[in-house]
Amino acid sequence: MPLDKGIYFCIKYYLYIIYLLYGWGKFVSSIQVQQGAKITPVPFEAGETLLSALRRAGYSIPAACGGNGRCGKCRVKVNGVPRLACKTKAQDGDWIDLPETMRGVILTDTLTLPKAQAGRSGLGAAVDLGTTTVALRLFDRADGKLLAQAQDWNAQAPYGADVISRIQHTMEASDGLGELSRCIRAQVETLLGRTLSAAGRKTDEVKELIIAGNTVMQHLFDGREVASIARAPFQPETLFEDGAGKPLSGIPVRFAPCVAGYVGGDITAGLMADGLFAQPELRLFLDIGTNGEMALGNESDALCCAVASGPAFEGAGISCGMPGITGAVSHVSYDRGFLCDIVGGGEAKGICGSGLVDLVAVLLDRGVIDESGRLLPPQDAPEDMRRYLTEDGQGNGVFHLTKSVSLTACDVRNLQLAKAAVAGGIRVLLEQRGVTADDIASVELAGGFGNYLSPESAVRIGMLPRACLSKIRPLGNTALAGASMLALDGENWRKLAEIPRKCRYLELSGRDDFSRAFTDSLTF
């Protein structure tokens with residue numbers, strides 16, 4: 001039910017008076033935002049975009065491109081008409097309809113955790129500070145019991161789907177760094193509050209908050225400058241060697257140490273949880289998302305690197321892409337027709353990363369996509385596939401999986417770039433180590449994308465070596481596992497500190513061998 005107009009303008013009047021009293025006279029107009037049954041007046045500055053106003057009011061609007069008008073993901077209904085929030089100026093009295101908050105499965109499953117260290121008391125909180133999602137676990141340090149956990153989609157999503165977009169925001173907006181820092185700190189504080197409430201415990205019982213995130217996310221949480229991570233030589237302000245961070249609500253904060261600007265605390269924590277350095281066999285550790293971090297090694301040492309795989313694996317930069325939330329096609333197969341798994345059941349609204357990889361693998365097998373990556377138009381495709389295809393006007397096909405989900409030539413190209421980056425990084429590590437894929441004992445896939453990825457599809461599109469197909473093992477949320485190990489047993493900090501010293505980082509930008517490997521990996 002729409003808010004009564006008289007009540008709405010009464011609220012608006014009182015908001016205006018409050019802003020004037022507090023010196024916020026620049027906010028003289030407001031929009032009305034409806035999300036589900038809740039309707040809220042939101043003030044805005046003259047000339048401000050809807051995306052900016054909604055960001056400031058705390059609404060999480062997907063904007064994979066960071067609000068530059070390229071991704072189309074910030075589309076909202078303005079007075080009943082779909083508009084891009086990043087390109088639409090707020091107008092006094094506009095009514096904005098927002099979809100319900102994102103619902104979907106956020107990976108919190110981990111490997112088996114160790115027992116608690118004896119002689120400790122109070123509570124410990126472990127945080128996986130991801131670019132896309134944030135997850136927190138609350139432990140009783142005395143007995144190691146998991147008291148509660150909470151998770152949510154990263155509240156920084158309106159500022160971009162990847163860390164580069166967020167770094168750019170800190171450089172271009174007058175208080176960009178402050179905005180992003182306050183945003184993520186408030187979210188972690190909220191998640192902590194939810195777990196404390198669920199466990200019936202108090203904030204002053206929490207002895208430490210342990211955070212494992214990529215290097216940029218840890219910097220943003222701590223309010224540190226990140227501009228240097230976006231330009232050569234990609235040197236961060238700190239690698240968090242001592243782990244200390246700014247307290248949150250009086251709680252001491254400790255960060256997992258990083259290896260480099262793009263191999264962060266989430267990877268070192270994950271490598272500890274995985275036990276890569278405890279085994280003599282050669283293993284490949286992969287955490288694939290908007291960045292693809294990887295390490296190849298054993299008990300003696302490891303080579304590691306990072307590739308800019310882009311946001312395609314997270315569903316961003318794809319015409320019908322979306323995160324792995326309700327309505328996302330998560331898996332695709334073919335058996336006398338196309339079969340889809342949809343997150344939450346119901347009607348398909350878009351496709352997430354694992355579904356995209358599956359779909360392209362199936363279309364390669366069905367002859368709809370050729371080895372170069374061209375999505376064929378109807379007249380060039382196999383006869384039994386033509387009913388699924390239309391032409392885009394540029395000689396390429398558009399594949400229609402459902403009424404709402406289609407695949408374009410540009411989508412295929414974005415996936416090619418992403419998978420080629422991962423495959424190229426793996427090849428460089430193998431060459432530098434002087435081994436082949438046959439020498440790898442196992443391929444360990446960390447994180448949400450790796451957990452839901454079909455190994456057969458990943459090999460079919462050329463992202464992972466075919467020789468590794470039978471060796472692929474999903475690990476779950478390794479960053480959260482590593483942070484939890486630190487919360488449970490303080491002795492693990494000593495083990496963790498050794499990991500960056502055992503890692504040799506390869507910076508791939510500007511390397512001829514990576515350029516060759518990337519180019520060679522573009523085709524299917």
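The values are calculated or read from the model by the stated rules, or taken from the named source; none is laboratory data. Quick caveat: nothing in here was measured; it's all calculated off a predicted structure. A quick note on method: Cβ atoms are made from the backbone with ideal geometry, for glycine too, and the neighbour counts reach across all protein chains shown. For accessibility, only protein heavy atoms count, side chains too; no ligands or nucleic acids. Shrake-Rupley method; radii C 1.70, N 1.55, O 1.52, S 1.80 Å.
Cβ-Cβ distance below 6 Å, separation of 6 or more or different chains: which pairs start in the stretch 224-243 with a residue that is at pLDDT 95 or above and end on one that is open to solvent by less than 100 Å² (accessible area, probe 1.4 Å) and among the aliphatic types (A, V, I, L, M)? If the second residue must be open to solvent by less than 100 Å² (accessible area, probe 1.4 Å) and among the aliphatic types (A, V, I, L, M), the pairs left are 226/167; 226/216; 229/216; 236/229. Restricting attention to the stretch 198-213 and to residues that are open to solvent by less than 60 Å² (accessible area, probe 1.4 Å) and outside any strand (DSSP E or B), the residue that is nearest to residue 135 (Cα to Cα) turns out to be 199. Note on the stretch 479-504: residues that are open to solvent by less than 60 Å² (accessible area, probe 1.4 Å) and either without any contact (Cβ under 8 Å) to a residue 12 or more places away in the chain or within 23 Å of residue 437 (Cα to Cα) (or both) amount to 1. The residue list 235, 279, 218 contains one member that is among the polar types (S, T, N, Q) and touching a strand residue (DSSP E or B) at 6+ places or on another chain (Cβ under 7 Å), which is 218. The set of residues in the stretch 287-321 being among the aliphatic types (A, V, I, L, M) and either touching a Lys or Arg at 6+ places or on another chain (Cβ under 8 Å) or in a loop (DSSP other than H, G, I, E, B) (or both) consists of 296, 302, 303, 308, 316, 318. Only a single criterion out of (1) open to solvent by 50 Å² or more (accessible area, probe 1.4 Å); (2) assigned to a loop (DSSP other than H, G, I, E, B); (3) farther than 22 Å from residue 151 by Cα is not satisfied by residue 258, namely (1). Listed by position, the strands (runs of 3 or more DSSP E) enclosed by the stretch 30-100 that each have at least 2 residues that are in contact with a Lys or Arg (Cβ under 6 Å, 6 or more places away or on another chain), of a type outside the set (Asp, Glu) and open to solvent by 30 Å² or more (accessible area, probe 1.4 Å) are 81-84. Pairs meeting the criteria (first residue in the stretch 406-419 and in contact (Cβ under 8 Å) with a residue 60 or more places away in the chain, second residue crowded, with 23+ Cβ neighbours inside 10 Å and in a helix (DSSP H, G or I), beta carbons under 7 Å, at least 6 apart or on different chains) are 407/359; 414/312; 415/312; 415/356; 415/360; 418/312; 418/313.
Scanning the stretch 229-255 for residues being under 24 Å from residue 481 (Cα atoms) and either of a type outside the set (Ser, Thr, Tyr) or assigned to a strand (DSSP E or B) (or both) gives a total of 15.
Here's the yes/no breakdown for (1) touching a residue at least 60 places away in the same chain (Cβ under 8 Å); (2) within 21 Å of the chain's Cα centre (by Cα):
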| site | (1), (2) |
| --- | --- |
| 139 | yes, no |
| 154 | no, yes |
| 166 | yes, yes |
| 172 | no, no |
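Checking each residue in the stretch 464-500 for being over 20 Å from the mean Cα position of the chain (by Cα) and not in a helix (DSSP H, G or I) picks out 464, 465, 472, 473, 489, 490, 491. Residue 517 - would you say it is farther than 30 Å from residue 134 by Cα, open to solvent by less than 10 Å² (accessible area, probe 1.4 Å) and either β-branched (Val, Ile, Thr) or not in a strand (DSSP E or B) (or both)? Criteria met by residue 517. Considering only residues in the stretch 430-463 that are in a helix (DSSP H, G or I) and buried (at least 22 other Cβ atoms within 10 Å of the Cβ), the one that is modelled with the lowest pLDDT turns out to be 448. Tallying residues that are at pLDDT below 95 and in a loop (DSSP other than H, G, I, E, B) within the stretch 350-370 yields 1.
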